[in-house]
Ligand code: 9D3
């Protein structure tokens, strides 16, 4: 899969190269292409934002640099073009899985008060938000989307992680322990230290259910 990110702040995406995504990229399983929108402005001072028509606070990203950048990276409109936007539908795990089945994604990050509506009307297929809280731009949401989509790309994760995940679908995770057996008077539950895997699975399922009932009863409905 190939993901192209269009942004005025390409440096922010260096955070991704040091993770599991960085490794998958090196191994050629996943291609992440970060593109600076400013490289496509036709303004002689490299301007990419301007005052809003009608007045109001803040600046608006201009349509021309965005349109030219999108047409340069996706000339035949082969990619699914997504604008990370507070007005978008909230990202869900179901949506993540559907996006991971796409061959190519283009992610547009807004900054300032937003993007000229004509860039959205002309070039964007879909708007996605990551939740109901206010950020300063679409860059962190784009990184969130890249991270969770990349987990489903063949060869990025060990397949077992995804299998375990589908087993425990819609449940919170059971408590985990590693060595030592005792830490500050708290010990690892006995059942996890014996080798009875049927008992261990049963204990984990019960704990997951108990935790979900207590902390996220909404997930059981
Ligand atoms: C406080 C300003 N808002 C009302 C006038 C509009 C607004 C514009 C731009 C609010 C946030 C932003 C920047 N955020 C994003 O671009 C964004 C975002 C978010 O803030 N929360 C959750 N998901 C997303 S996806 C993109």
Looking at (1) within 15 Å of the ligand (Cβ to nearest atom); (2) closer than 19 Å to residue 33 by Cβ; (3) in contact with a helix residue (DSSP H, G or I) (Cβ under 7 Å, 6 or more places away or on another chain), can you tell me which one residue 130 breaks? (2)
Residues to consider are 169, 173; find the one that is within 21 Å of the chain's Cα centre (by Cα), surrounded by 13 or more Cβ atoms within 10 Å (Cβ to Cβ), in a loop (DSSP other than H, G, I, E, B) and not assigned by TED's automatic domain parsing to the domain that holds residue 32. 173
Could you check region 43-62 and list, in sequence order, the residues that are in contact (Cβ under 8 Å) with a residue 40 or more places away in the chain and either assigned to a strand (DSSP E or B) or not assigned by TED's automatic domain parsing to the domain that holds residue 11 (or both)? 49, 60, 61
Among what's in region 89-127 and is over 23 Å from residue 38 (Cα atoms) and surrounded by 17 or more Cβ atoms within 10 Å (Cβ to Cβ), pick the residue that is farthest from the ligand (Cβ to nearest atom). 100
Pull up region 22-42, narrow it to residues that are assigned to a helix (DSSP H, G or I) and touching a strand residue (DSSP E or B) at 6+ places or on another chain (Cβ under 7 Å), then point me to the one that is nearest to residue 85 (Cα to Cα). 37
I need the full set of residues from region 178-191 which are assigned to a loop (DSSP other than H, G, I, E, B) and out of contact with any strand residue (DSSP E or B) (no Cβ under 9 Å at 6 or more places or on another chain), in order please. 178, 179, 180, 184, 185, 189
Residue hits (region 63-92; part of a strand (DSSP E or B) and under 30 Å from residue 51 (Cβ atoms)) are 81, 82, 83, 84, 85, 86, 87, 88, 89
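The values are calculated or read from the model by the stated rules, or taken from the named source; none is laboratory data. Bear in mind that the values here come from a model prediction, so they are computed numbers and not experimental data. Counting neighbours? That spans all protein chains shown, and the Cβs are built from the backbone with ideal geometry, glycine included.
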